[in-house]
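The block underneath contains the structure these notes are about, expressed in structure tokens.
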Amino acid sequence: MFVEGGQCVVWGFNRDDLLRPVALRLEVDGNTVFERTTSPEAQMPVHVTGHRLSAHRQMVLRVDGSSAAAGPFAAPAFWTEPAVREELGHFIAGIGDSAREARLRHLVWHDIPNVTRRLETSDEPPARWRASVYTRYMANRLELKSKLSGGQSVANWIVSEVFEDWYKRHVFCLTDEIHTLLSEPVMNRRVMKHEISLTLFAFWRRHYPHIDIFTEEGLRLLQYKFATAPFIADKNNVKLVSDGLRRSLSAPADMFRNRDLPWSWYWLFLLEDQGLGSQLRDENFSRLTSFREVALDVTQPDRLSFTPHVWRAHWGAGGTPDFTRFDLALISILADTPYPSVAVAEHGTDFWRGRLHREVYARVPELSVLSAAGRVETAPVALRDEVPRRDLVIIGHANDTGVGRNLSMFVEALSSFAPLVFNADDGSCVNPDPGYNPNVGVRARVVLLCVNADRAPEMIARFAGICEDAHIIGFYLWESDRPPANHTLGALAVDEIWTPSNYVAEAYRKITPVPVTVVDKGLHAPLGHVSFLDRFRREPSEFIFLTAAEFGSSIVRKNPLDVVKAFQRAFEESDLDVRLLIKIREVNPGHWSNIDSYWEEIEERIAGDDRIALVEGNLTAEEYWTLMWSVDAMVSLHRSEGFGYFIADAMFAGKAVVVSDYSGSQDFCDAENAFLVPVQQTPAPPEYLASRGYIGQWGVPDIEAAARAMHQAAADADLRATRAAAGLTRVSGKYDFARWSEAVSGRIQQRIDQSSRETDATSDDGAVPAGMARSAASGR
């Protein structure tokens with residue numbers, strides 16, 4: 001007798017007389033299931049019995065008077081439902097790709113030691129009673145009102161505020177110092193059998209004070225709530241789940257301890273949470289769940305898992321002498337039968353060993369640890385080498401402000417590198433391409449941050465996976481001669497700083513040893529005048545001054561009030577037909593920069609003067625340049641500028657400029673090409689720049705000198721034309737976009753080449769990249 005297609009097939013003959021018919025009978029557990037007499041003359045020696053092989057206590061085959069008995073055949077059933085076998089078939093077919101993606105995602109977003117070191121960059125000695133540098137930075141950025149006085153206050157703030165808010169937890173990063181602090185035990189081991197960390201204690205007080213953590217089951221329930229909290233999945237927060245907590249939740253629950261596949265405490269709580277508590281005693285459900293979880297565990301070693309150890313032992317052993325239970329479960333799926341032993345009996349051991357190897361273990365070698373055949377030896381795969389990499393990633397504000405213009409400028413100039421661009425405001429990728437998988441992310445070789453230094457650590461934390469192996473460049477601006485204290489970490493956490501002007505460069509050199517380089521900016525030739533958009537000039541003969549104001553950039557720093565004062569003083573008794581236009585995006589008297597009713601004073605001064613008008617609202621590029629072409633001169637009595645886009649644009653349009661002789665605009669404005677206004681350097685009030693503490697000085701322009709310069713610009717057409725022409729020559733040469741693009745592209749290429757060499761040199765041994773090593777060596 002043999003098995004074919006799951007059915008028992010019999011044949012027999014008389015040894016002495018091959019042509020003599022014989023009686024065949026098959027008995028299973030005392031019942032005759034098949035009986036027939038052979039017909040040798042009809043050439044029909046083989047007969048299908050119609051009986052499918054399955055579990056039995058005894059099987060007897062009788063041929064005439066002789067019989068042969070088989071012992072019990074208890075074929076274990078695995079997946080009895082065809083739908084389950086089909087579902088598991090898809091699961092096994094896709095587990096290799098899904099496991100690879102999950103491991104890559106872990107490498108990109110969770111394995112970020114370099115970023116955590118950057119964010120704790122400081123010369124400050126560690127102190128147990130003091131919050132770390134990065135913690136204090138984030139508390140300031142996220143506007144924490146209370147004081148962080150110790151470890152418990154830090155834990156309470158992080159758990160109660162940071163982890164509770166989607167935005168806050170996405171811009172937060174768990175550094176080593178914070179992790180060490182949050183992992184400290186809050187109670188003596190004499191009081192608690194199991195350790196409770198500061199984080200777990202804060203989590204309990206915030207969310208579940210009704211749970212009795214002094215009982216073992218209550219503590220385990222709290223641990224389960226903590227381990228399944230949404231914030232645990234963010235970046236490297238999984239480090240907060242300690243080994244002790246994993247052991248506690250992975251231990252078999254008392255009421256299931258004696259089962260072959262016991263449920264752990266984690267699974268007990270999870271299934272009850274999901275309303276599936278009734279499934280806990282269903283053996284088929286426990287078999288299915290444990291099979292999936294063990295397969296995921298062995299293919300994703302970095303996965304946060306709470307499976308009992310006995311699950312893996314169960315699937316990796318037992319079965320038959322030739323196959324483990326995991327092997328047999330796979331055979332059940334591949335053969336589409338509940339009884340894999342039947343399939344083995346039909347085709348033999350060697351057949352299934354070969355098929356398992358070809359269709360499962362060769363494709364997903366990690367699963368072979370659960371096979372009786374042993375681990376499949378393959379060439380070692382350096383998964384870290386497969387992490388998606390981009391030469392350049394640019395992060396900045398994708399908006400219509402000056403910092404948004406910086407982002408657009410670099411994106412255009414560096415387009416040959418096909419950079420990925422991310423919006424600093426919402427974290428989205430502005431220009432995803434087919435090669436970018438947001439589920440995995442990328443590692444960049446060079447990251448260019450087009451944000452202010454006070455936002456840089458926040459961006460490094462938010463885009464931690466992108467920044468981990470990167471050479472990070474901060475393109476920074478500031479508008480006083482010393483950046484505030486909240487810029488310090490951003491000035492230390494990058495590998496180098498680029499600035500658009502010497503003024504900004506000198507400011508940052510005062511607070512950081514990081515190399516600072518002036519790279520200028522690149523400007524395009526202006527758009528042409530669009531006649532039908534020109535609503536700004538009333539009479540062809542009038543002389544129009546233009547100034548700009550912006551609440552978001554500090555209305556006091558832009559200083560339109562002094563422009564109004566100088567204009568009214570210059571032309572108080574003049575016969576010249578002059579006007580002053582004030583370009584402003586939005587009038588917002590409630591803005592933080594409207595200190596001491598600064599804007600209200602402007603409104604009072606211009607209320608009775610019909611020569612002065614506001615140009616309010618967002619202008620398109622065509623409207624902006626039409627406005628620039630429509631005026632005769634531009635005035636900027638700023639108290640400081642990091643660069644001065646508006647001034648440079650006016651000069652590019654061939655307009656005369658009246659400008660404060662101070663700060664960033666000095667790089668391209670001098671006595672030959674501009675009407676300079678002297679300033680008196682005075683301490684810059686920090687509240688005028690939304691800062692705290694000492695921020696150095698800025699320049700208060702001389703209004704009398706400004707009035708004389710404005711009158712001269714309006715009255716002396718030849719001098720005005722000469723200086724305007726010199727200004728055009730200066731900015732069109734110094735800030736030519738094509739030349740500037742070539743220069744910054746060369747710098748970026750050097751950094752990419754350097755980063756590639758460092759990554760290649762350290763990928764095998766996991767050493768810290770040279771850039772980070774230099775940071776540590778310099779005390780940064």
For the stretch 112-235, the Kirkwood Rh over every pair of distinct alpha carbons, in Å, works out to 15.3
Taking the chain and counting helices only, DSSP H stretches of n ≥ 4 at -39,500 (n - 2.57) each over all residues, the nearest-500 ellipticity at 222 nm comes to -11000 deg cm²/dmol
Under the 7 Å Cα-to-Cβ spin-label approximation, residue 276 and residue 176 lie apart by a distance in nanometres of 4.0
One finds, for residue 60 and residue 101 with R0 = 51 angstrom and r their Cβ-Cβ distance, a FRET efficiency to the nearest 0.05 of 0.40
So the angle from the long Cα axis of helix 621-630 to the longest Cα principal axis of the chain, reported in degrees to the nearest 10, equals 10
Note: residue 680 to residue 538 extended length (0.36 nm per residue) minus current alpha-carbon separation gives 47.5 nm
Here the stretch 531-735 gives, from Cα atoms, an Rg and Dmax in Å of 16.1, 50
Output ordering of 320-333, 288-301 (per-residue mean of other Cβ within 10 Å, highest first) is 320-333, 288-301
Sparse-neighbourhood loop hits (GluC sites (Glu not before Pro), the stretch 542-580; DSSP loop; Cβ within 10 Å at most 11 others) -> 572, 573
Among GluC sites (Glu not before Pro) in the stretch 625-687, those in a DSSP loop whose Cβ has at most 16 other Cβ atoms within 10 Å are 672
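Can you give the convex hull volume of the alpha carbon atoms of the chain per residue, in Å³? Don't skip to the end; give the middle numbers.
Details: hull volume 173.0 nm³, N = 780.
For the chain, the hull spanned by Cα atoms encloses 222 Å³ per residue.
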In degrees, nearest 10, the alpha-carbon axis of helix 82-105 is tilted away from the dominant principal axis of the alpha carbons of the chain by 40
Using alpha carbon centers only, the stretch 328-356 is separated from the stretch 533-572 by a whole-angstrom value of 86
Rounded to whole angstroms and listed largest first, the alpha-carbon spread of the stretch 292-430 along its three principal axes comes to 75, 32, 27
Taking 494-501, 221-228, 590-597 and ranking on average Cβ neighbours within 10 Å, highest first, one gets 494-501, 221-228, 590-597
So residue 77 and residue 603, fully extended at 0.36 nm per residue minus their Cα-Cα distance, gain in nm 180.7 nm
Between the Cα axis of helix 402-413 and the main Cα principal axis of the chain, the angle (0 to 90°, nearest 10) is 70
Rg/Rh of the stretch 2-70 (Cα atoms, Kirkwood Rh), to two decimals, equals 0.97
In nm, the gap between the two label points placed 7 Å beyond Cα toward Cβ at residue 704 and residue 183 is 6.8
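FYI, it's all coordinate maths here, none of it is from the lab. Since the model is a prediction, treat every value here as computed from it, not as a measurement. When we count neighbours, we look across all protein chains shown, and the Cβ atoms used for this are built from the backbone with ideal geometry, even at glycine.
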